[in-house]
Structure formats: structure tokens, C-alpha cells
Number of protein chains: 2
Amino acid sequence: MNKQIKIGIVGYGNLGKGTVAAIEQCPDMKLVAIFTRREPESIQVQDSAVKVLHISQAEEYISEIDVMILCGGSATDLPEQTPYFARLFNTVDSYDTHAKIPEYFQVVDNAAKQSGKTSIISVGWDPGLFSINRLMAEAILPNGENYTFWGKGLSQGHSDAVRRVEGVKAGVQYTVPMEEAIKRVRSGENPALATSEKHQRICYVVAEEGYDKEKIKQAIVTMPNYFADYHTEVHFISEEELRANHSKLPHGGFVIRGGKTGEDHSQVIEFSLKLDSNPEFTASVLVAYARAAYRMNQEGQAGAKTVFEVPPVYVSPKSAEELRKELL
Amino acid sequence: MNKQIKIGIVGYGNLGKGTVAAIEQCPDMKLVAIFTRREPESIQVQDSAVKVLHISQAEEYISEIDVMILCGGSATDLPEQTPYFARLFNTVDSYDTHAKIPEYFQVVDNAAKQSGKTSIISVGWDPGLFSINRLMAEAILPNGENYTFWGKGLSQGHSDAVRRVEGVKAGVQYTVPMEEAIKRVRSGENPALATSEKHQRICYVVAEEGYDKEKIKQAIVTMPNYFADYHTEVHFISEEELRANHSKLPHGGFVIRGGKTGEDHSQVIEFSLKLDSNPEFTASVLVAYARAAYRMNQEGQAGAKTVFEVPPVYVSPKSAEELRKELL
């Protein structure tokens, strides 16, 4: 067996925890250390061989870590952390602010090229696996239309928006794709769909005592960008019910392309995910691409990369020969 | 715009015709010539700029064709043609005899390395897109199980087997995945499924006059390898009905992986195709990968490749910058 790939993790929220669990399933990898901005003593991990260290100590581990998996958020953590870590380590991250990806790519690319390291950015399922499927489906069926549906899933951004409404004590928001729309897309019809026809938004809200529920509801359903353009349901529930039924982080979705070939033949390509745990799944994708980052760097492919530049063979622990024999 | 990629086609059956249609949808490509073993005069193509030539003339076109798309069959054509053409051109083919892929790869790799050309073998949907999805899903969810279902679709090999039975004048066979099995797999249950629980086989048969239908039926359903292990239905129909309802070549299928992450969370990845025309879709995949073969060769990546070695970016006509902006 080849030597194990030595992994470091930056950030120990849901995604960091999922990454620890995902590495445990990979015999070709070894988790060396978790780096955190918190007091390292405040974090307990099961495997006593794994060090928990302050993020400022990462530089001391340059020779002991092959790939650093960055588990921070896209809003403020990654734009700052990734360029820094790309100067020291091969990295993988899940940067998901779609609109800012081109500029983020440039900054990380500059850093990684200077250090000769490989940084795979925007890894996960969207951006990530969904992006690959959008690309492949479009390339294969140029005469067609891509559709992406998300959910049923808990949306972090929209849940935050709900919780910022005055009188809301706690709450969550689920994005739910419309069955009728999916059915039409799957038929190969390639319908024109308004935003409101693709997804609905369902909120479960705990109201502060003494607040007018109707007023809270109106504030939510009329909120621009987040809810105004959608069919939005608001359900008021108790704190107990919220804890009991809405503490998991399921998600998923569909990328569907309908296209025409030859004499008007309809062809439909679909990729879908049904996830009990969004952060654990995203972490599993990050870990698989950490393998790719290591290998691409071994071959001298330095700089920023996206999932588009990674050949599938680098993502699997198996050799090209094994893959041709077993999975082709 | 970059220069167009100049394409040649070898073989003008269903797949070759689908390839002509697929190239028409790609502004970055130009079909130069079709090479055939038949009398070239016997073949008519719409676009008068496309030459139809005897296969023996291909060598004269080395400087005029960037990629040769090989549209012959896997049984006898490709094992002979691909090594020959790989000495002259970059090639793409749909070799699909799974068990013999490793040895085929070696022969083509030797030929292509000698010439410095790039040959992408076993391109299409299975092997091809399904293989990529099996690989990715296994790499991301190591603790899980892959399932591949085919159909509903017309199976060429099994239709041929039906037609070889004494007393059968004409016939077709559809492979149909079992709904119940797909449902269980989609639930993340990862069931153990016997061959007979995954697919059923439905035959539409035209009997020769004077033959005993019951005898024909028995000969089909008991045929080893092809039908004996399956639930097989045999329906006798008229020649007119066969022509009217069973002359299309639909196909499709599903690759599903259910896996567990972290604390027993179930995660399900699914890729599926619903194809009105199997050969036209396969041809569309071949054409997209012809683009990849050309680009990989431009970058000096000579030898045999499979879809596993091809980064998605090479398959799309768009630049890496456009892809990051539009599809990531």
C-alpha cells in the first residue's frame, strides 16, 4: 500500500465534524490535526492520535500535512483563510458564493502558484457534483436546457433570514422543489419556469411571547429576495416541536437536462441527491477531492483548480487499472 | 473563435448516423469525411461538403482530420480498427465488452503511444457516464453499495438471441428494471438483490407460420445466460405490430449508490438517463469526448485514455473561465 495521505482540518463546526467522520472511512488517509480559532482545550475528539491546535500553529505543520481541508464559511472565513493556507499547503474548500467564484479563484490561484501548491476550490455538491453534471449534460446535449432544483432541504441562509424577523424566537426554513415542475422537466418538455414555479419555501417558526403571529408571517412572506417571489408557508410551532422535529440537516436536489438529438428524439439526463446530513455529505466530497489535490500536486499541477479540472481517476483511492477492470 | 476541430467518422450504421447529427449541433466542430467498408456511392449524406470515402483511403487524410470517431461494433470491428486508426489519428470509440476492456486498453495504448496520438476508449453511457458515476459515488461514500439498472430499453444482444430461436421470424427484447428493486435501493436500504430481482425481460416475437408458439416460448425462457435467470415474458405479435410499435431504439437506466456517513446518516446518489434514441445519445457522448481527445493531444497527453482520465473541462466547448462563471 502507498503511504497514507496526511490531512489537516481548519474549523470544527458541522462541516469539520463531518470531515473527521469521512476521513475515518478512508484507509488511505490519516487525520493529523484539527486547527481552530477557539481554545483547543474546548474541543474533544475521539481519536486521541489527532491533535487539536490553535489555528496560529498551522505553519509549524508544513512538513507533516499533505492537504488542509478548509471547513470555514464562505461569507468571511474562506476569503481570508484560503489564500493564507494556499501559501503553505495543498487545500480543498467548499466556497459557495457562486457570484464571487471567479474573483476568489484568481486570489487563490495567485497564492497557490507562488507556493507551488494545489488548491481545489468550491468543492461539495453545489457548487461541486451538481456543477459537473450541469457541464457534462450541456456538453453532451447542446440543444437543450439545464434545470437545477434544490431540496427538500434546510437552507441555512433562509433560516437565518427568518430568525432576523422581529418577534421570531427561533425557526427554520425548508426549500422544497415543486413536484409538478420536476415532472414537466423530466418529461423532456423543457418548460419556461418562473422562480416561483420551481421551489416553495416552508418555514417553521417559534414566536416570542406577546408578538402578533400574523404580523410575523407578513414580514416573512413579503421579504424581498428571500421570500417575496415564492409561495411561502409559515407554520408556528412550539420550541419543543422545533427541537424534536427540525434539528437535522437534510438536503438534496436534482440537476436535470432535457435535450433533443437527430430527428427530434428526446433525451433526459438526471442527477439527484437525497441527503440525511448535508454537512456530512459535503465533507465526504471534500475528503475525496483532498485525495485529488494531493495527487495533482504530486504531478506538478500547481495553482487553483475546480472540480471541472479534476479527472475522476484522481478522486478514487483505486488505481487506474483497478478502475478499468471493476467500474468501467 | 478557435479553429474548428476536424472530425472523421468510421462506420455508417445507427451510431455513425447519430454522430453526423451530433456534430451538426457543435459549432466548434466540422465533419470532414465518413469512411465506410461499403461502396461509398451507396451512402447519401445531406451535407454535400462531407466526403464519403472507402475506409482504405483514411490514411490520405492524416493532415485533414483531428479526431476519428470510430462507430463500429465491439465484437469484431473495434478490436481490429482502433489499434489501426490509433496509429494515424486521435480516436474515440464506444468499445463496450466490459470483460475485455483491460486487454483492449493495452493494445490501443501501445498503438497510440507509438504515434503520439490520444485514444479515448469505451465512451458512451455504459461504459461511459455510468462508469464515472459509479466511480464518483464509491469514492465519496466508501461505506455503501453501487447498483446499476438498465432500461427500459431495447437490448441488441438479447434481441439477436431471440431471433436465433427456431421458428422466430422477427423479434425484439426489452430489458426492464424492476420498480420494486429501484424503490428499495433509492430508500438507502442497500438490499442484496439477485439478478432476477433487478430486471425482467420482455420479448415481442413474430413466429414463422406453422411453428408451435409454446415451444418457441419455452426455448426463449430457458435459454442459459440470456433468459433462464430472469422473469421473462414472451408476447407473440404480428409483423405489422412489430414494425409499428417496436422499431425505435429507446434505452436508459440508473446508477444508484446508497451510503452511510457519520452517525448512521443515509445518503443516496442517483444518476439516470431516459433516452428516446440510444445510438443518437451514445453518439452525442462520443462527439463531446472527441473534443477532449483533441485537447488532451494538444497538451501532449498521448496514449489510451478512458472517461476516468478526462477532466470535465475538456468535454465542454466553453473555456475554464466561462465554466467557472456560468456553471460552477
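Any read-out appearing in this document is the output of simple, stated calculations on the displayed coordinates, not a laboratory observation. None of these values were measured; they are calculated from a predicted model. Glycine gets a Cβ as well: all are built from the backbone with ideal geometry, and neighbour counts include every protein chain shown.
General observations
Conditions (1) buried (at least 18 other Cβ atoms within 10 Å of the Cβ); (2) touching a residue at least 40 places away in the same chain (Cβ under 8 Å), marked per residue:
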site: B:49; (1), (2): no, no
site: B:95; (1), (2): yes, no
site: B:109; (1), (2): yes, yes
site: B:113; (1), (2): no, yes
site: B:134; (1), (2): yes, yes
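- Of everything listed in (1) of a type in the set (Phe, Trp, Tyr); (2) touching a strand residue (DSSP E or B) at 6+ places or on another chain (Cβ under 9 Å); (3) not in a loop (DSSP other than H, G, I, E, B), the single unmet condition for residue B:227 is (3).
- Hey, residue A:45 in a loop (DSSP other than H, G, I, E, B) and touching a Leu at 6+ places or on another chain (Cβ under 7 Å) or not: no
- Scanning segment B:215-248 for residues that are basic (Lys, Arg) and within 27 Å of residue B:276 (Cα to Cα) yields a total of 2.
- Single match in B:220, B:237, B:216 (criterion: more than 30 Å from residue A:15 (Cβ to Cβ), in contact with a Gly (Cβ under 6 Å, 6 or more places away or on another chain) and more than 9 Å from every other protein chain (Cβ to nearest Cβ)): B:216
- Selection status of residue B:293, within 19 Å of the chain's Cα centre (by Cα), more than 8 Å from chain A (Cβ to nearest Cβ) and part of a strand (DSSP E or B): no
- Flag for residue A:41 being surrounded by fewer than 18 Cβ atoms within 10 Å (Cβ to Cβ) and within 14 Å of chain B (Cβ to nearest Cβ): no
- Number of residues in segment A:52-87 that are farther than 16 Å from residue A:34 by Cα, in contact with a helix residue (DSSP H, G or I) (Cβ under 7 Å, 6 or more places away or on another chain) and among the aliphatic types (A, V, I, L, M): the value is 1.
- Residues being more than 9 Å from chain B (Cβ to nearest Cβ) and farther than 28 Å from residue A:69 by Cβ - total across segment A:119-148: 4
- When the criteria are applied in full, residue B:286 fails the requirement of being within 25 Å of the chain's Cα centre (by Cα), crowded, with 17+ Cβ neighbours inside 10 Å and more than 30 Å from residue B:106 (Cβ to Cβ).
- Residues located in segment A:72-81, provided they are buried (at least 16 other Cβ atoms within 10 Å of the Cβ) and either part of a strand (DSSP E or B) or more than 14 Å from chain B (Cβ to nearest Cβ) (or both): A:72, A:73, A:77, A:78, A:79, A:81
- Whichever residue in segment A:82-123 is assigned to a loop (DSSP other than H, G, I, E, B) and under 20 Å from the mean Cα position of the chain (by Cα) and, among such residues, is farthest from residue B:322 (Cα to Cα): A:94
- Filtered by the rule that a residue be aliphatic (A, V, I, L, M), within 7 Å of chain A (Cβ to nearest Cβ) and part of a helix (DSSP H, G or I), segment B:242-288 gives B:285, B:288.
- Looking across segment B:230-247, the residues that are more than 13 Å from residue B:161 (Cβ to Cβ), of a type outside the set (S, T, N, Q) and either touching a His at 6+ places or on another chain (Cβ under 9 Å) or exposed (fewer than 14 other Cβ atoms within 10 Å of the Cβ) (or both) come down to B:231, B:235, B:237, B:239, B:240, B:241, B:243, B:244.
- Considering A:141, A:53, the condition of being farther than 28 Å from residue B:285 by Cα, hydrophobic (A, V, I, L, M, F, W, C) and in contact with a Phe, Trp or Tyr (Cβ under 9 Å, 6 or more places away or on another chain) is satisfied by A:53 alone.
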